[in-house]
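Contents: one structure, followed by commentary.
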Amino acid sequence: MRLPLIRYSRLLTLLPFICLPLKTYGQGWSWDDASQGWGMFVLGLASGYGTHELGHYVVATSKGDKVSHDGLSIVYPGAQFTDAERLQVASAGFQTQWLMAELALRDRDGKERKPGNFGAGVVCAHLGITLAYQTVLKNNKQGDVVGMAEATKRSNDSIALALAVPGVLDAWRLFGNQVPEWVPQLSLLSKGLGIAWIWTY
């Protein structure tokens, strides 16, 4: 079942206020920051990739499906997904990396912060996976974009574009200097709307 956009009208009415340039966040993370801590950065990178794959595994097994591997791809032998279930399983990796990026880019009070090397690695994994699905993996038959596109009857390009929005915003949050306050808020809103749509599809 597809929910009309009107269901999210309250969030959409807040969008102009969220995007007002209220304040900015200072210095972004840079590769120079990692010069004394490449080990933690690589660990964060591996953790980011691992949690993406773990997201697929957890959602698929919670539905009682078997999970296997075909090279680097996770596959679900014998699974008979409905469109809604296929969307949930195919998008689970992105949902997980969105949440991990928010944890890395915010402090315990939910305020924006410059991450350490581990957190930067987690966010860079998110950005790398997103970039891969904009390019070489966009049309991969076992890939997340194709799975989401087939489940929703939308084009691979439109799904890839929707996934690019939080990726671009999070790259700005990680590397940018004097990042406007609306950038993290819009990133969080785009992720929240995406997750709500996925789980009510």
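A short reminder: the numbers here are calculations on the coordinates, not readings from a lab. Quantities reported herein were computed from a predicted structural model and do not represent experimental measurements. No Cβ is skipped: glycine too gets one built from the backbone with ideal geometry, and neighbour counts run over all protein chains shown.
Key figures for this structure:
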{"item": "Longest to shortest principal axis, alpha-carbon extents of the stretch 24-199, angstrom", "result": "49, 32, 31"}
{"item": "Per-pair calculated FRET efficiency, R0 = 25 Å: GLU181 and GLN27 via Cβ, rounded to 0.05", "result": "0.95"}
{"item": "Quarter of Cα convex hull surface for the stretch 76-125, i.e. mean projection, nm²", "result": "4.7 nm²"}
{"item": "Check: the stretch 24-199 dipole with +1 on Lys, Arg Cβ and -1 on Asp, Glu Cβ, in debye", "result": "160 debye"}
{"item": "HN-Hα J in Hz across the stretch 151-166 - Karplus 6.51, -1.76, 1.60, θ = phi - 60°, x for Gly and Pro", "result": "5, 9, 6, 10, 6, 4, 4, 5, 5, 4, 5, 4, 6, 6, 4, x"}
{"item": "Highest-first arrangement of 194-200, 146-152, 75-81, where packing means the average Cβ count within 10 Å", "result": "146-152, 194-200, 75-81"}
